[in-house]
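S.K.: After the structure tokens below, expect a handful of questions from me.
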Amino acid sequence: MRVQYLGRAPMYDSAGRLIRGQEPASFIAEKPRTPDENKRVAAAPVEQVEKQTLDGRTIADAPPPIASKRYAVQVGVFSSRFNAERLKRQLDRITPAEVSEAEINGETYYRVKVGGANVREDARQTRDMLVSAGHQDAVIVEQ
């Protein structure tokens, strides 16, 4: 079966009479217009507000944020990516590990690290767990 579009169907009012002259000239809507550049309004400047307590004393500015340290446990450093990936696979059975590249004195080394803790005690617990699993060279490092 083939269907061919012959045009818009006729429209009838509620009494069944044919409505003529109500058809749009085009079925394509006009593109919306954007406002003119020179009709745009700039934002008002922001004024400084003086901070005070209810009893009239001035409030001091907040201290600058303290840079937080992140700690990880470095389990090994290798000159061969293959060896680093092998240790990573062993560690992944215990806990998630990652391999990162470091260039030292023109040489590329591959560090195998576990965890990322904000508190040194958490990193210490991770290191102790790794040492008890046989990774005696595990050390805590700052990231």
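S.K.: Counting only residues that are assigned to a strand (DSSP E or B) and β-branched (Val, Ile, Thr), which one in region 89-107 is nearest to residue 134 (Cα to Cα)? Reasoning before the result, please.
M.R.: First, pick out the residues of region 89-107 that are assigned to a strand (DSSP E or B): 97-104, 107.
If we keep only those that are β-branched (Val, Ile, Thr) as well, we get 99, 104.
Working: 99: 19, 104: 27 Å.
Residue satisfying both the conditions and the ranking: 99.
S.K.: Within region 127-137, which residues are farther than 15 Å from residue 96 by Cβ and either touching a Gly at 6+ places or on another chain (Cβ under 7 Å) or among the small types (Gly, Ala, Ser) (or both)?
M.R.: Scanning region 127-137 gives 132, 134, 137.
S.K.: Also, I was wondering about something else. Is there a residue being of a type in the set (S, T, N, Q) and at pLDDT 90 or above anywhere in region 55-73?
M.R.: Going through region 55-73, the residues of a type in the set (S, T, N, Q) turn out to be 58, 68.
Okay, now just the ones that are also at pLDDT 90 or above, so none.
Checked against the condition, which is being of a type in the set (S, T, N, Q) and at pLDDT 90 or above, region 55-73 yields no hits at all.
S.K.: Within region 135-143, is even one residue free of Cβ contacts under 8 Å to residues at least 24 places away in the same chain, surrounded by fewer than 16 Cβ atoms within 10 Å (Cβ to Cβ) and assigned to a helix (DSSP H, G or I)? Can you show your working first?
M.R.: Going residue by residue through region 135-143, those that are free of Cβ contacts under 8 Å to residues at least 24 places away in the same chain are 136.
Checking which are surrounded by fewer than 16 Cβ atoms within 10 Å (Cβ to Cβ) leaves us with 136.
If we keep only those that are assigned to a helix (DSSP H, G or I) too, we end up with none.
No, because not a single residue in region 135-143 is free of Cβ contacts under 8 Å to residues at least 24 places away in the same chain, surrounded by fewer than 16 Cβ atoms within 10 Å (Cβ to Cβ) and assigned to a helix (DSSP H, G or I).
S.K.: For region 53-107, how many residues meet the condition of being touching a residue at least 40 places away in the same chain (Cβ under 8 Å), within 24 Å of the chain's Cα centre (by Cα) and surrounded by 15 or more Cβ atoms within 10 Å (Cβ to Cβ)?
M.R.: Qualifying residue count, region 53-107: 2.
S.K.: Filtering region 99-128 down to residues that are touching a helix residue (DSSP H, G or I) at 6+ places or on another chain (Cβ under 7 Å) and not hydrophobic (A, V, I, L, M, F, W, C), which residue is modelled with the lowest pLDDT?
M.R.: From region 99-128, those touching a helix residue (DSSP H, G or I) at 6+ places or on another chain (Cβ under 7 Å) are 99, 110, 112, 114-115, 117; that's our starting set.
Add one more test, that the residue is not hydrophobic (A, V, I, L, M, F, W, C), and what stays is 110, 115.
Numbers: 110: 95, 115: 86.
So, considering only residues that are touching a helix residue (DSSP H, G or I) at 6+ places or on another chain (Cβ under 7 Å) and not hydrophobic (A, V, I, L, M, F, W, C), the one modelled with the lowest pLDDT is 115.
The values are calculated or read from the model by the stated rules, or taken from the named source; none is laboratory data. Small disclaimer: the values here were computed from a predicted structure and weren't measured. Glycine also receives a Cβ, built like all others from the backbone with ideal geometry; neighbour counts cover every protein chain displayed.
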